[in-house]
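Remarks on the structure that follows.
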């Protein structure tokens, strides 16, 4: 799976050396956002809702836990933009898991790199280093969650599905388009053994948006582009307000700010359309968007056993 990052780097569009040097010059001013839907300020837009307004579908007692399910160091981030801004630059990403505790049950959103890496230290291959310091199971114990009722993924890449098979008794919320595409053509980033629902697991097939608990407080929103059936998660928290977990709609704050598209995405056009949709929803709701892979966005969340509510 690690080699997938190195192989996919070959898809990156390489700019001429002179243009690359100019793009990375610290003295050069940052480029203007590329579209009317791009964000006006990285820090403000990522962490502060544009407006505060009451939202329908808020569930009293709804809680969001952010768990550290791995770290990813990339020697060359070039594949994360098809317009060359990151060529030759190293970068760090996080691979979190999120637990949503609702009065009607518990949802696990994404399952990280996998507990098989826990305690092994850095594992490096092909210019990518993976590390898991704490197992997901130990963190579930820390927050007092003994049962996962629902399991869902933003998409089927290995850094989001590493612990999926540890929850055979959960109800799997399966995006049919995503699963079919991943099993038909797994590619470098998909481990088919992770994403096949266990035989005993109950399955609910998702074709578009999905209301997890039936009250509007936790909704999976269809956002194709990164993969064929990519999704994000919208929460309406009573105290913190609306929150959107980005999956891989964005990998970094910069990618959100400038609407940069990774070279390995399934569809550039679908990616930009999904960004358009989610930014519009966030603006209308005054929602906070959490870029799941961005270390600063993850660090800004309460550390377990603390939570957002």
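The values are calculated or read from the model by the stated rules, or taken from the named source; none is laboratory data. No experiment lies behind these values; they were computed from the predicted model shown. Positions of Cβ are backbone-derived with ideal geometry, glycine not excepted, and every protein chain shown enters the neighbour counts.
The table that follows gives values for the structure above.
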| item | result |
| --- | --- |
| Selection within the stretch 86-111 - outside any strand (DSSP E or B) and in contact with a helix residue (DSSP H, G or I) (Cβ under 7 Å, 6 or more places away or on another chain) | 86, 87, 88, 89, 90, 110, 111 |
| Given (1) more than 22 Å from residue 152 (Cβ to Cβ); (2) out of contact with any helix residue (DSSP H, G or I) (no Cβ under 6 Å at 6 or more places or on another chain), index of the condition residue 257 fails | (2) |
| Number of the condition not met by residue 267 [criteria: (1) under 16 Å from the mean Cα position of the chain (by Cα); (2) closer than 23 Å to residue 77 by Cβ] | (1) |
| Residues satisfying the stated conditions in the stretch 55-96, i.e. out of contact with any strand residue (DSSP E or B) (no Cβ under 9 Å at 6 or more places or on another chain) and at pLDDT below 95 | 60 |
| Members of the stretch 79-107 found to be farther than 19 Å from residue 190 by Cβ and under 18 Å from the mean Cα position of the chain (by Cα), listed by number | 81, 91, 92, 94, 96, 98, 99, 100, 107 |
| Every residue from the stretch 198-223 that is buried (at least 18 other Cβ atoms within 10 Å of the Cβ), assigned to a loop (DSSP other than H, G, I, E, B) and without any contact (Cβ under 8 Å) to a residue 60 or more places away in the chain | 223 |
| Matching option when the condition is buried (at least 22 other Cβ atoms within 10 Å of the Cβ), assigned to a helix (DSSP H, G or I) and touching a residue at least 24 places away in the same chain (Cβ under 8 Å), among 279, 254 | 279 |
| Total residues in the stretch 64-76, condition surrounded by 21 or more Cβ atoms within 10 Å (Cβ to Cβ) and out of contact with any helix residue (DSSP H, G or I) (no Cβ under 9 Å at 6 or more places or on another chain) | 1 |
| Single match in 38, 45, 50 (criterion: out of contact with any strand residue (DSSP E or B) (no Cβ under 7 Å at 6 or more places or on another chain), at pLDDT 50 or above and either surrounded by 14 or more Cβ atoms within 10 Å (Cβ to Cβ) or assigned to a helix (DSSP H, G or I) (or both)) | 38 |
